[in-house]
Structures are given as C-alpha cells and as structure tokens.
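Student: The structure is given below, and queries will be raised subsequently.
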There are 2 protein chains.
Amino acid sequence: MKFLSEENPDHQRTFEIINEGLSKKAVVVVVACCTVNYDGRARSKLGAGDRMVMIKSDGSFMVHQNINLEPVNWQPPKSNCSAVLKDGNIILEGSRRSPPERLQVVIHKTYVASYYNGKDNKDLELTGYEENMREMIFKTPDIIEEGFRPSTKEYPTSTGFIDVLGKDKNGNVVVLELKSRRAGINAVKQLKRYLDDFSDHKEFVRGILVAPSVTDDAAELLEGFKLEFKPLDPPREFGADKNLTLDFFSKTQDTKT
Amino acid sequence: MKFLSEENPDHQRTFEIINEGLSKKAVVVVVACCTVNYDGRARSKLGAGDRMVMIKSDGSFMVHQNINLEPVNWQPPKSNCSAVLKDGNIILEGSRRSPPERLQVVIHKTYVASYYNGKDNKDLELTGYEENMREMIFKTPDIIEEGFRPSTKEYPTSTGFIDVLGKDKNGNVVVLELKSRRAGINAVKQLKRYLDDFSDHKEFVRGILVAPSVTDDAAELLEGFKLEFKPLDPPREFGADKNLTLDFFSKTQDTKT
DNA sequence: CCATATATTTCGGCG
DNA sequence: CGCCGAAGTATATGG
C-alpha cells in the first residue's frame, strides 16, 4: 500500500501533501489546529481547536473532534474537495451543487499530514434487521403463530405500506408491523393507522406488532387498541456459503447468556 | 499538542503505540490492513482490507473504508476499548454492556500507527433548524401572517406534540407544523392527525404547514385536507454577540443567488 | 434527480 | 438508564 505521513509540516508542505493525496485519489488524513465553517442545508461555525480532518477518495469530507462518533462537520460523498494557500493559512473546501452547500476548514497549524492509497474490495455482510425478519417470516411463517400464512409484503394503504399482510388459520386478515429493534408507541400508532385503513372492510382484522420487545407505553397502547404483540428477534445468520473461522461470534454468544 | 506517529511499525510496536494512546486518553488513529467483526444490535463481518481505525478519548470507535461518509463499523461513545496481542495479530475490541455489543478489529499489517492529545474546547454553533424556526416565530409571529399569536409550543395530543399552537387575528385556533427542510406527505399527514384531535372542538381550527418548501405530493394532499402552507426558511443568523470575521458566509451567499 | 423508508442510526433532553 | 424526537441525518432503492 502506498502512503505518506509527515509530522509538523509547514503550510507549504502540508499543502503539497494534501494536494498529492487528492490528485492520487488517496484518503487524506490531517491532524491540525483549525477553524471550521459550514453553509448550506444549515449554517455553522466552529472556533479554533485540534481536530482530525479526513477526505476520502469519493469526496467524503469530515472533521472529527475528540469526542463523539459523528464528525462535527462534514460533506457527503461526491463533494468537490480542494486545498488552497491563502493569507498564510491552508483552506480546505468541500462543496456540492445540489443541495448547495460548502464546508471550509482553515488550518492554522498542522501536526500530522498524511495520505494513503489502500486496497479494499470487501463488502460488509450484515444481518439482523427488518428485511431479514420479513424474509424469515415468509420462509417460516409459523414463527408468527401456527397456521399464519403471509400473502403480500409492502401492501399499499393511504397512510403507507403495510410490512406484511396475511391470514391466520381461521382466515382472519392479519396485518404485521415489523420492527427490528425495541418498538415504541410510534410503531403501535402506525399499526393502528394501517388497521383503520381496513375499517371499510366488514371483516375482522387482526394487527400484530412483531419486534424483539416493546416499551411499556407501547404495550399499554397495544392493549388499548386491542392489538397484539409477537416477540421476535431478527435472524442473525449470514448467508449459508459464508463461514467465519474466528471464534468471535461464538464468544459473543457467551457474553450474552 | 502531544502526538506520536510511526510508519510501518511491527505488531509489538503498534501494540505499544495504541496502548500508550489509550492510556493517555488520546485519540488513536491507525491505518492498517484488517478484518472486522461486529455482534450486538446486529451482526456483521468484513474481510481483509486497508482501512483507517480511530478510537477517540470518549470511547468512540470507528472503522473507515475508502468510501462513504459513515464508518463501515463502529462502536458508540463510552465503549470499553482495548488492544491485545494474539496469535501474531493485534486485536482491537470495543464493547458495551447495554445494549450488549462488541466490535473486533483484527490488524494484520499496520501502515501508520499514531495518537494525538489535542485541545479543543470549542462547541459548534449551528443555526437553521426547527428549533430556530420556533424561536423566530415566537419572537416575530407576524412572519406567519399578520395578527398571528402563538400561545403554546409542544402542545400534547393523543397522537403526539403539536409544534406550535396559536390563534389568528380572527380568534381561530391555528395549529402549526414546522419543518426545517422541504416537507413531504408525512408532514401533511401528521398535521392532519393533530387537527383530527381537535375535531371534538366545535370551533374551526386552521392547520398550517410551515417549511421552506413542500413536495408536489404534499401540496396536493394539503389541498385535499383543506390545510395551508406557509413558506418559511429557518433563520440562519448566529447569536447576536457572536461575529465571524471570515468572509466565508458572505461568499457563500453569493453562490446561492 | 426526487421521494420513501430504514438504520448497529447518533445525539440531546427529559423523566 | 430508558424513552422520545430531530438531524446539515446517511444510505439504499424505486419512480
């Protein structure tokens, strides 16, 4: 892998390193004292402080403070990023046309300037969210209840799309609202609204909230609306042909019991 | 500012640098070839590739690929982060108890290992969002319409909180739904639901969606529901005592006209 | 390109 | 600590 890293470069050198990195479509990482301004979807300013600035090869641009997972300021992928020397400072700018917005980082002192051109063709394999739940329910409907038969996914109503529509063993229409995480009152209200859209129908319609768990408020509300709750965790298995040799996941399993 | 950065350190040295950084409550930045596993709220795995790994002083832990603004894997602030040497690899782990989750980064080859202990006591000043709109409306209600008088913010209803409640010059009750960005049909539906909660009242109640703009669908829906739309941009002024000497914002203003 | 829905959302605020 | 709501949300997907 190609990379370059220099400590305490002067402005001229920092400027060279950043431009070299940008022109090589590398990932540029700079640790520096800087001020930051943003104008676009909102507007912000940030006084001088030590931060990490990163510009990725796709135009992602972010400024990280010492705390928080999220960058304090950023510019999304495909932003137009450039560096200029001006008035004895380095000015990094990232901008977009639509929506019109601009991020400006004024570098006062650089501690580390670096870039790297790494190889990474791996995609993340992720499991355990709502779509996985839906797949699982269509594959093994009995996990909802014995005799349940799903018919339609993303059934349209005037208020939105019903996650899963089906019938129970007695032929009653059943509306499922899926949540991959603990469900709150909003999930219950949403399910209620879907059912209200079925109120034209003379037939009885069941509404079931399917989620790992619900908040107390949500449970009360379910009761009040005569709706049901089916506890169900999203599946956590990866594709069959993909095995993980590390003992990481089995160990994690231990910690959770 | 204190910092340390080394190129191509061996595992032992990488291990030392990371631990030094962690113990000093510094921000640790490592560029390395690594594999990543996560198990907790969801579950994921990522094969070997070159990435940037950062651990902040508050326990924020992230792994960045060459593209995308968001880290491919992460662990939120207050995570318990540590490094161990095992089987000729360095294993970085970040974990939490609640919710139970664990992120593991196995480092195969380190290109740059570094940490820095930067000073940054500056808070971001941000303007142009929903709360600013509400403040502005209470300060100068006439921007909604002549004679409008707001009375309550976050007025509770059975379906949620009304952003702003007030009366017009004729004494009609007015419900405002605020959006700092372009409003879609969901904003309209929400406003409609709030109004329906007022349907017990015999008096006429107006509903106004206040936002910079609306989608075409939303505009149609407003018409159908006999609701109104008031175009209003969130204010973009900073607190009065805070001035920005840079010409950044005025320049941006130019680009937008 | 616009609009919708999900997210390991994160983050702040309140109880 | 859990819940709720907003976000410059980001990101994928469908029209």
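Student: For the protein assembly as shown, with all protein chains present and a 1.4 Å probe, just round the carbon and sulfur fraction of the accessible area to a whole percent.
Tutor: That share works out to 49 percent.
Student: For region A:130-231, max minus min Cα coordinate along each principal axis, in Å, sorted largest first?
Tutor: The Cα atoms of region A:130-231 stretch 31, 30, 23 Å along their principal axes.
Student: Quick one, can you get me the convex hull of the C-alpha atoms of region A:65-174 expressed as volume per residue in Å³?
Tutor: Hull volume normalised by residue count: 213 Å³.
Student: Determine which chain A residue has its Cβ at minimum distance from the rotation axis mapping A onto B, giving the value in whole Å.
Tutor: Measuring from each Cβ to the axis, the minimum is at A:Ser5, 3.
Student: Residues with beta-carbon under 12 Å from that of B:Ala48, excluding B:Ala48: net charge, scoring Lys, Arg +1 and Asp, Glu -1? Write down the numbers at each step before the final one.
Tutor: Working: positive: A:Lys119, A:Lys122, B:Lys45, B:Arg51, B:Lys109; negative: A:Asp120, B:Asp50.
Here the charged neighbours net out to +3.
Student: Moving to a separate point now. Using 7 Å Cα-to-Cβ label points, what is the A:Ser213/A:Asn68 separation (nm, one decimal)?
Tutor: Distance between the two pseudo-spin positions: 2.8 nm.
Student: Leaving out ligands, DNA and RNA but keeping every protein chain, what accessible area does B:Asp123 have, in Å² rounded to the nearest 10, with a 1.4 Å probe?
Tutor: Rounded to the nearest 10, that gives 130 Å².
Student: Okay, next question. Over the protein assembly as shown, what per residue volume does the convex hull of the Cα atoms give, in whole Å³? Display every interim value, and only then the final one.
Tutor: Values: hull volume 89.7 nm³, N = 514.
In the protein assembly as shown, the Cα convex hull volume per residue is 175 Å³.
Student: If we restrict to alpha carbons, what Rg and Dmax does region A:191-241 come to, in Å?
Tutor: Using the Cα atoms of region A:191-241, the pair Rg, Dmax is 14.6, 47 Å.
Student: Interface B/A, total buried accessible area with a 1.4 Å probe, nearest 100 Å²? Intermediate results must be reported in sequence, preceding the final value.
Tutor: Numbers: alone 16000 and 16020 Å², together 24900 Å².
Buried surface at the B/A interface: approximately 7100 Å².
Student: Which ³J(HN,Hα) values in Hz, rounded to whole numbers, follow from the phi angles of region A:34-49 under the Karplus curve 6.51 cos²θ - 1.76 cosθ + 1.60, where θ = phi - 60° and Gly and Pro get x?
Tutor: Whole-Hz 3J(HN,Hα) from phi for region A:34-49: 8, 10, 9, 10, 9, 8, x, 4, 9, 8, 8, 9, 9, x, 5, x.
Student: Right, next: Test of understanding: in a Gaussian network model of chain B with alpha carbons linked when under 10 Å, which of B:Ala83, B:Ala187, B:Ala42 would top the mean-square fluctuation ranking?
Tutor: Fluctuation is largest for B:Ala42.
Student: Next question, about the same structure. Taking the Cβ of B:Arg181 as the center, what net charge do the other residues with Cβ under 12 Å away carry, scoring Lys and Arg +1 and Asp and Glu -1?
Tutor: +1
Student: Just need the relative contact order of region B:130-231 here, percent rounded to a whole number, with Cα pairs under 8 Å and 6+ apart.
Tutor: Across region B:130-231, relative contact order equals 22 percent.
Student: Let me ask you something else. Excluding B:Lys169 itself, what net charge comes from residues whose Cβ is under 9 Å from its Cβ, given Lys and Arg +1 and Asp and Glu -1?
Tutor: Charge balance near B:Lys169 sits at -1.
Student: Run the helix sum for chain A: -39,500 (n - 2.57) per DSSP H stretch of 4+ residues, divided by residue count, reported at 222 nm to the nearest 500 deg cm²/dmol.
Tutor: So the calculated ellipticity at 222 nm is -6500 deg cm²/dmol.
Student: Moving on. What's the percent breakdown of Cα-Cα distances in region B:2-117 across 10 Å bins, shortest bin first?
Tutor: P(r) over region B:2-117, rounded to whole percents: 15, 52, 31, 3.
Student: Can you give the accessible area per residue of region B:92-142, in Å², using a 1.4 Å probe? Walk me through the intermediate numbers first.
Tutor: Values: 2500 Å² over 51 residues.
Per residue, region B:92-142 has 49 Å² of solvent-accessible surface.
Student: Out of all DSSP beta bridges in chain B, what portion is antiparallel? Express it as a percent rounded to 5.
Tutor: In chain B, DSSP labels about 85 percent of beta bridges as antiparallel.
Student: Also, quick follow-up: Could you sort out which of A:Lys25/B:Lys56; A:Lys109/B:Lys122; A:Lys2/B:Lys119; A:Lys25/B:Lys25; B:Lys45/B:Lys189 sit more than 28 Å apart by Cα distance in this structure?
Tutor: A:Lys2/B:Lys119; A:Lys25/B:Lys25; B:Lys45/B:Lys189
Student: For region A:78-214, give me the percentage of DSSP beta bridges that are antiparallel, rounded to the nearest 5 percent.
Tutor: On the way: 25 of 32 bridges.
Here the antiparallel bridges make up roughly 80 percent for region A:78-214.
Student: For B:His64, what accessible surface area do you get with a 1.4 Å probe? Give it in Å², rounded to 10.
Tutor: 0
Student: Give the lysines whose C-alpha is closer than 17 Å to that of A:Lys167, dropping any in the same chain fewer than 8 places away, or say none.
Tutor: A:Lys139, A:Lys153, A:Lys202, A:Lys230
Student: Another question about this same structure. How far, in nm to one decimal, is A:Asn80 from itself in the other copies if the label point is set 7 angstrom along Cα toward Cβ? Shortest first, please.
Tutor: Copy-to-copy label distances for A:Asn80: 5.0 nm.
Student: For A:Ala42, place a label point 7 Å from Cα along the Cα-to-Cβ direction in every copy; what are the distances to the other copies, in nm, shortest first?
Tutor: Here A:Ala42 shows inter-copy label distances of 2.4 nm.
Student: Considering every Cα-Cα pair within chain A, what fraction, in whole percent, is farther apart than 27 Å?
Tutor: For chain A, the share of Cα pairs beyond 27 Å comes to 58 percent.
Student: How high is the relative contact order of chain B? Use alpha-carbon pairs under 8 Å, at least six apart in sequence, and give a whole percent.
Tutor: Worked out over chain B, it gives 15 percent.
Student: For B:Pro212, place a label point 7 Å out from Cα along the Cα→Cβ vector, do the same in each other copy, and report the separations in nm, one decimal, smallest first.
Tutor: Values, ascending and in nm: 3.6.
The values are calculated or read from the model by the stated rules, or taken from the named source; none is laboratory data. The model shown is predicted, which means the values in this text are computed figures rather than measured ones. Cβ atoms come from the backbone with ideal geometry, glycine included; neighbour counts cover every protein chain shown. Quick note on the areas: whole protein, heavy atoms, side chains included, nothing else; ligands and nucleic acids left out. Shrake-Rupley method; radii C 1.70, N 1.55, O 1.52, S 1.80 Å.
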